[in-house]
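Asker: Take this structure first; my questions come after.
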Amino acid sequence: MMTAPRSELKSAFIGTINDWRADWCLFARQVLGAHLDPEQQAILRSVQHTPRTSVASGTARGKDFVSAVAALCFLYLTPRWNEKGELIHNTKVALTAPTGRQVDNIMQPEFARLFNRANRNGFQLPGRLVANDIRTDSDEWYLTGFKADEHQHEAWSGFHAVNTMFIVTEASGISDGTFEAIEGNLQGNSRILLVFNPNTRVGYAARSQKSDRWSRFRLSSLTAPNVVEKRIVIPGQVDYEWVLDKVQAWCTPILKSEAKEEQDDFEFEGQWYRPSDSFRKKVLGRTPKVDEDSLIPEQWIEAAQARYKLYHRTIRPVMYPGKLTLGVDVAGMGRDNTVYAYRRANILPKIESENSGGTANHMATAGKVAAVLRSEKNATAMIDTIGEGAGVYSALQEDRHIAPRALSCKYSESAKDTRGTPLTDATGERTFANMRAYLFWCVRDWLDPGNYPVGTLEADKPMLPPDAAKFTEEATEITWKHNRKGEIIIEPKEDITKRLKRSTDEFDAVANTFYPAPVQGISTEDMASMFF
């Protein structure tokens, strides 16, 4: 093992190393001389404590700067030496981008400036700058930057260490194959940080902003300190004059009454605006406007999650009005998870997922559903009975006390009520090719802010739990179209699964809660209150 440079470590770290290791923001400020705004500090703390961090950003918002800070924090605060000064916990940091220019002109200058600034501040950081690297006397302790080559995935095979970190800038331009190669190295004390301008709605980077595997951030130029203060607070970041010009060039003034969440409409200096796609990407740090064929815009889900947070801050104790409707999507047919969605009127407080290990347990699932129905006499359960769900439904029908409230939900059946009348959307105009299309559209109608009259209380609008990342990812991937009869039809499940790399289990369970079958002993009015 190599011997650590004890004299340099002593002069740089003695007495405060433990404080810096406990708080990377302190190291960034005291050693690197980095002035991070509150959002950048939150990103750095995420990198310190969580394995995966994804940052979508507007232009000149400091994403590459905070990435360089995170790289040096990881490089210098994670290695460990024994009492003899021997390196026993090695650290390797890899920075990559789609092109060599981005590595040479964006990434390398950022960490080089920080490295040199620390030295000027009296902290002689170990190592030396060599091209796009920081090299120490140990071959097992370094930082390197290089272009991501989708045809040379073996280049990642050497990044095995006790502490490994991968930073990918302009991540939306990196192929999924490259990310798969990087994923193979995420073991031990590892980190991956993605930073990118959200130029596209597809790909690994875009999916990271929807997945609960990631700690997710979005840096909007509207919240940059220089813009908020209308003066230069942090040199090099986006300034007020640039944002003002882009508001005037890329946005359309609208009335406050015309503002729509799904359009990312925003208020700037007392005026409401509707952004263009260029403004969304370059200023707001958001993906392009939702495609016309997307079932549910992500903004609707974010609004429902924000209402959920507000409700739980203001209602003590938390109470969920309305009868319980339980949607159940049973594991099977290649799915490993049985999902339970609990909805009470406009609130969906919980989505539970249980891994079946590839083996369906009908009795265990039926027992859990039965327990819910027995505990709440007015509760109903909507069970997907295509495939494995049929066994669960049959088991529940054996108990005459709960059988009427356990309903069979088949996506392939006609979208008609019990009288044979075609089911329609909230406007009464759209009809559907099958029950799957109708139920999926019910979720859309439920979340659509346009379906709630002006003046509707926030507490009476839909609410979703903030941790429903899988549901969000599934909902925003689904597309729809009209068939030849003019009916709404949802794209095939296998097409969605191919993009997501998994089934839409959580969305299916939530959609099941809107199944319209009548329940014995419950009036039509009560049924309506269960759904809306």
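Asker: Determine the pairs where a residue that is more than 18 Å from residue 314 (Cα to Cα), located within segment 445-461, has a partner that is among the small types (Gly, Ala, Ser) and assigned to a helix (DSSP H, G or I) with Cβ atoms under 7 Å apart, the partner being 6 or more residues away or on another chain.
Answerer: Going by the 7 Å Cβ cut-off, the qualifying pairs are 447/304; 449/303.
Asker: Also: Answer yes if at least one residue in segment 426-447 is open to solvent by 40 Å² or more (accessible area, probe 1.4 Å) and at pLDDT below 90, and no otherwise.
Answerer: Checking segment 426-447: not a single residue is open to solvent by 40 Å² or more (accessible area, probe 1.4 Å) and at pLDDT below 90.
Asker: For residue 418, state whether it is part of a loop (DSSP other than H, G, I, E, B) and either touching a residue at least 24 places away in the same chain (Cβ under 8 Å) or among the hydrophobic types (A, V, I, L, M, F, W, C) (or both).
Answerer: yes
Asker: Which of the residues that make up segment 395-419 are surrounded by fewer than 17 Cβ atoms within 10 Å (Cβ to Cβ) and more than 18 Å from residue 376 (Cβ to Cβ)?
Answerer: 397, 398, 410, 412, 413, 414, 416, 417, 418, 419, listed by residue number.
Asker: If I filter segment 126-149 down to residues being free of Cβ contacts under 8 Å to residues at least 24 places away in the same chain, part of a strand (DSSP E or B) and not β-branched (Val, Ile, Thr), which single residue comes out as farthest from residue 194 (Cα to Cα)?
Answerer: 128
Asker: Consider segment 17-73. How many of its residues are among the basic types (Lys, Arg), in contact with a strand residue (DSSP E or B) (Cβ under 8 Å, 6 or more places away or on another chain) and either within 23 Å of residue 188 (Cα to Cα) or open to solvent by 50 Å² or more (accessible area, probe 1.4 Å) (or both)?
Answerer: Counting residues in segment 17-73 that are among the basic types (Lys, Arg), in contact with a strand residue (DSSP E or B) (Cβ under 8 Å, 6 or more places away or on another chain) and either within 23 Å of residue 188 (Cα to Cα) or open to solvent by 50 Å² or more (accessible area, probe 1.4 Å) (or both) gives 1.
Asker: Let me ask another. Check off (1) open to solvent by 30 Å² or more (accessible area, probe 1.4 Å); (2) in a strand (DSSP E or B); (3) under 17 Å from residue 346 (Cβ atoms) for residue 325 and give me the number that stays unchecked.
Answerer: With respect to (1) open to solvent by 30 Å² or more (accessible area, probe 1.4 Å); (2) in a strand (DSSP E or B); (3) under 17 Å from residue 346 (Cβ atoms), residue 325 is out only on (1).
Asker: Only one of these is charged (D, E, K, R) and closer than 23 Å to residue 55 by Cα: 216, 231. Name it.
Answerer: Going through 216, 231 in turn, the sole match is 216.
Asker: Mind listing whichever residues of segment 287-315 are open to solvent by 50 Å² or more (accessible area, probe 1.4 Å) and in contact with an Asp or Glu (Cβ under 6 Å, 6 or more places away or on another chain)?
Answerer: 289
Asker: Restricting attention to segment 502-520, which residues are over 17 Å from the mean Cα position of the chain (by Cα), open to solvent by 10 Å² or more (accessible area, probe 1.4 Å) and at pLDDT below 85?
Answerer: Within segment 502-520, 517, 518, 520 meet the criteria.
Asker: Could you say which residue among 388, 352 is crowded, with 20+ Cβ neighbours inside 10 Å, among the acidic types (Asp, Glu) and at negative phi?
Answerer: Every option except 388 fails the conditions.
Asker: Out of contact with any helix residue (DSSP H, G or I) (no Cβ under 7 Å at 6 or more places or on another chain) and modelled with pLDDT of 95 or more: does that describe residue 381?
Answerer: So residue 381 does not fit the description; no.
Asker: Now for a different question. Being at pLDDT below 90, closer than 29 Å to residue 466 by Cβ and among the polar types (S, T, N, Q), is that true of even one residue in segment 176-183?
Answerer: Within segment 176-183, not a single residue is at pLDDT below 90, closer than 29 Å to residue 466 by Cβ and among the polar types (S, T, N, Q).
Here's the yes/no breakdown for (1) open to solvent by 80 Å² or more (accessible area, probe 1.4 Å); (2) among the β-branched types (Val, Ile, Thr); (3) closer than 27 Å to residue 65 by Cα; (4) not in a helix (DSSP H, G or I):
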site: 228; (1), (2), (3), (4): yes, yes, yes, no
site: 232; (1), (2), (3), (4): yes, yes, yes, yes
site: 236; (1), (2), (3), (4): no, no, yes, yes
site: 243; (1), (2), (3), (4): no, yes, yes, no
site: 248; (1), (2), (3), (4): yes, no, no, no
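Asker: So, one more: Just to be sure I understand the filter: pairs with C-beta atoms under 6 Å, separated by 6 or more residues or on different chains, first member in segment 240-267 and within 30 Å of residue 453 (Cβ to Cβ), second member assigned to a helix (DSSP H, G or I) and hydrophobic (A, V, I, L, M, F, W, C). Which pairs pass?
Answerer: Sorted first by the residue in segment 240-267, then by its partner, the pairs are 251/279; 261/303; 262/300.
Asker: Restrict the check to segment 211-220 and report whether at least one residue is surrounded by fewer than 18 Cβ atoms within 10 Å (Cβ to Cβ), touching a residue at least 60 places away in the same chain (Cβ under 8 Å) and not basic (Lys, Arg).
Answerer: Yes: one or more hits.
Asker: Oh, and also: Which ones in segment 328-337 are at pLDDT below 90 and either open to solvent by 70 Å² or more (accessible area, probe 1.4 Å) or not hydrophobic (A, V, I, L, M, F, W, C) (or both)?
Answerer: 332, 333, 334, 335, 336, 337, listed by residue number.
Asker: Only one of (1) touching a helix residue (DSSP H, G or I) at 6+ places or on another chain (Cβ under 7 Å); (2) modelled with pLDDT of 90 or more; (3) of a type in the set (Asp, Glu) is not met by residue 265, so which one is it?
Answerer: (1)
Asker: Follow-up. Can you find, within segment 156-206, the residue that is nearest to residue 144 (Cα to Cα) among those that are assigned to a helix (DSSP H, G or I) and among the β-branched types (Val, Ile, Thr)?
Answerer: Ranking the qualifying residues of segment 156-206, first place goes to 182.
Asker: Among the candidates 257, 278, which residue alone is farther than 21 Å from residue 38 by Cβ, open to solvent by 60 Å² or more (accessible area, probe 1.4 Å), in a helix (DSSP H, G or I) and out of contact with any Pro (no Cβ under 7 Å at 6 or more places or on another chain)?
Answerer: Checking each option against the conditions leaves just 257.
Asker: Looking at segment 370-385, which of its residues are under 35 Å from the mean Cα position of the chain (by Cα) and either surrounded by fewer than 19 Cβ atoms within 10 Å (Cβ to Cβ) or farther than 20 Å from residue 435 by Cβ (or both)?
Answerer: Listed by number, the residues that qualify are 370, 371, 372, 373, 375, 376, 378, 379.
Asker: Name the residue, out of 74, 111, 123, that is of a type in the set (A, V, I, L, M, F, W, C), in a helix (DSSP H, G or I), touching a residue at least 24 places away in the same chain (Cβ under 8 Å) and over 23 Å from residue 213 (Cα atoms).
Answerer: Among 74, 111, 123, only 111 is of a type in the set (A, V, I, L, M, F, W, C), in a helix (DSSP H, G or I), touching a residue at least 24 places away in the same chain (Cβ under 8 Å) and over 23 Å from residue 213 (Cα atoms).
The values are calculated or read from the model by the stated rules, or taken from the named source; none is laboratory data. Quick caveat: nothing in here was measured; it's all calculated off a predicted structure. Using ideal geometry, Cβ is built from the backbone for each residue, glycine included, and neighbour counts are taken over all protein chains shown. The protein model used for the area step is the full one, side chains on, heavy atoms only, and it has no ligands, DNA or RNA in it. Shrake-Rupley method; radii C 1.70, N 1.55, O 1.52, S 1.80 Å.
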